[in-house]
Structures are given as structure tokens and as C-alpha cells.
2 protein chains.
Amino acid sequence: MGAMTAADTELARLAKALGHPARVAIVRRLLARGECACGEIVDGLPLAQPTVSQHLKVLKIAGLIVGEVDGPRVCYCVDPRMVRRVKDLIGGL
Amino acid sequence: MGAMTAADTELARLAKALGHPARVAIVRRLLARGECACGEIVDGLPLAQPTVSQHLKVLKIAGLIVGEVDGPRVCYCVDPRMVRRVKDLIGGL
DNA sequence: ATCGTTCATCGTAGATATACGATGACACAT
DNA sequence: ATGTGTCATCGTATATCTACGATGAACGAT
């Protein structure tokens, strides 16, 4: 016992993805709205569109959200399994 | 509704502090042991002593742990209120 | 007073994160 | 084909993070 475990790495990876106010706000908004186009997210944040897109990418790589192309738009929503996973890992502390 | 709230910033701040495997491992160890001297933490991690001390500082600034000087040693333990706070904030997602 | 132990801080190199303008890619119109 | 609206990616500047050797500060023992 002592070294960093796989669970430590997984939790750190997810926590890091949530380690920026904009990304927390995005997740919260998606949970409230169910799903949301990128533009709406941009409108709700005091950040430029490329910056928001970059934050969305971080959340997507972490697996917390998924993006579905819908015509000219991209619709984002949370992956409830990953949100559950975060809650379990934090709750397991 | 839309902009980043104070709760978003607080959660992001705490999540960021947990956004490194070593820091998660430290918190977990402290929760398991109750309290722990710095040296024991160093021994349990594949990192140099200054690096561990730096990680401890991050956790301390975030309020997740507190350090008490005990002779030549420094005894660390988690602040249970802050751990509760993290769980509540994550659970509230 | 000097030494050994324990831990923090300093200084620094390399990597990663954050922000945005500019540009590219794609779908849907006209 | 041309244009418009939507979003991703590129390029880049600045800041922050991560790691460690070297050094400093504080305590207990000799």
C-alpha cells in the first residue's frame, strides 16, 4: 500500500477535467438542459468560441460529455455513466 | 443562468487540487491512516521529497488537508469538512 | 555549539494549460 | 457556385504545473 493506484489515476484524470470553472459550468448546464448546442454554451459563457470549443474537447476526451453532429450544429450532452463514475469515485473517498 | 457561478468556481478549485494522481493518493492515505507524517507520505510515493512537499502545499491551500508541526516532523491529516464539501458539490451535480 | 533528522522553500527546466484571432471544414440555403 | 451560419482546428503568447537538486529553517540529541 502506498503507491498511486489505477483508481487514483482515474479519479485524478476526471477531477482534472472538472478543474476549471468553465468546464464545471458546461457540465452543469448540460445536466440542466439535457442537451445543448455548442452555440448556446458559448452564449452562456464569457469566453470566445474557440476557447469554449477547447474546453468541450477536454470534457469529451475525459469521457464526461459526447457530441453529436446535427446538421450544421453539434449537440452536446453528458454521459451519465461517467458522471456516475465521478460521483462514485469521490464518494468512495 | 449560464455564467459561471461561485459554486462552479469552488468545485473547480477543489477538483483541480485533486487533479493529480499523487494528490489523490495522499488524500486516500491520510483518510486510511487518520494522520501521517510527511516522511511516510514520501516513502509511499515514487516522487522526490520536494515534489511531495509541493503537492502537500497544493492540498493545504485548497483546504483539503492541514499540517501540524510535531517536534521535527509535520503531521498531516485531512479536513473532514472539506472532504464533505467536495462530496456534496460533486454529488450535487 | 555541532550534528543529524525532518521538512519547507528557492531556483529552474520542461511540459501542459488557457486564451483568442485567423482560418478551415461542413451543412444548408439561395 | 456563392454565401451564411456553425463549429473545429491551427498557430501562438502567456501563464501555470510538475519535477528535482540545492539550500534553508527548526527541532532534538550529543
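The values are calculated or read from the model by the stated rules, or taken from the named source; none is laboratory data. It should be emphasised that the depicted structure is a prediction, and the values quoted were computed from it without experimental measurement. Every residue, glycine among them, receives a Cβ derived from its backbone with ideal geometry; neighbour counts consider all protein chains shown. For accessibility, only protein heavy atoms count, side chains too; no ligands or nucleic acids. Shrake-Rupley method; radii C 1.70, N 1.55, O 1.52, S 1.80 Å.
Among the residues here, A:LEU11 qualifies as surrounded by 15 or more Cβ atoms within 10 Å (Cβ to Cβ) and touching a residue at least 40 places away in the same chain (Cβ under 8 Å). On inspection, B:HIS20 qualifies as within 8 Å of another protein chain (Cβ to nearest Cβ) and touching a Lys or Arg at 6+ places or on another chain (Cβ under 8 Å). In segment B:16-24 there is at least one residue matching the filter, namely being within 15 Å of A:ASP8 (Cα to Cα), touching a residue at least 40 places away in the same chain (Cβ under 8 Å) and crowded, with 20+ Cβ neighbours inside 10 Å.
For B:ALA32, the stated conditions do not hold, so it cannot be described as among the hydrophobic types (A, V, I, L, M, F, W, C) and either more than 14 Å from the chain's Cα centre (by Cα) or within 14 Å of DNA strand D (Cβ to nearest atom) (or both). Annotation: of all residues in segment B:65-93 being part of a loop (DSSP other than H, G, I, E, B) and small (Gly, Ala, Ser), the one that is nearest to B:GLN49 (Cα to Cα) is B:GLY71. For A:LEU64, the requirement of being within 26 Å of B:ALA17 (Cα to Cα), open to solvent by less than 40 Å² (accessible area, probe 1.4 Å), within 16 Å of DNA strand C (Cβ to nearest atom) and under 9 Å from the mean Cα position of the chain (by Cα) is met.
Just a yes or no: is a residue in segment B:38-51 modelled with pLDDT of 95 or more, in a loop (DSSP other than H, G, I, E, B) and exposed (fewer than 15 other Cβ atoms within 10 Å of the Cβ)? Within segment B:38-51, one or more residues are modelled with pLDDT of 95 or more, in a loop (DSSP other than H, G, I, E, B) and exposed (fewer than 15 other Cβ atoms within 10 Å of the Cβ).
Residues in segment A:6-64 that are closer than 16 Å to A:VAL78 by Cβ and among the charged types (D, E, K, R): A:ARG23, A:ARG28, A:ARG29, A:ARG33, A:GLU35, A:GLU40, A:LYS57, A:LYS60.
Contact annotation: residue pairs with Cβ atoms under 6 Å, 6 or more positions apart or on different chains, pairing a residue in segment A:67-93 that is in contact (Cβ under 8 Å) with a residue 60 or more places away in the chain with a partner that is away from DNA strand C (no atom under 13 Å from the Cβ) and not in a helix (DSSP H, G or I), are A:MET82/A:GLY63; A:MET82/A:LEU64. Taking into account only those residues within segment B:10-29 that are touching a strand residue (DSSP E or B) at 6+ places or on another chain (Cβ under 9 Å) and more than 13 Å from DNA strand C (Cβ to nearest atom), which is nearest to B:ILE65 (Cα to Cα)? The residue in question is B:VAL27. Number of residues in segment B:30-53 that are under 17 Å from A:ALA12 (Cα atoms) and touching a strand residue (DSSP E or B) at 6+ places or on another chain (Cβ under 7 Å): the value is 2.
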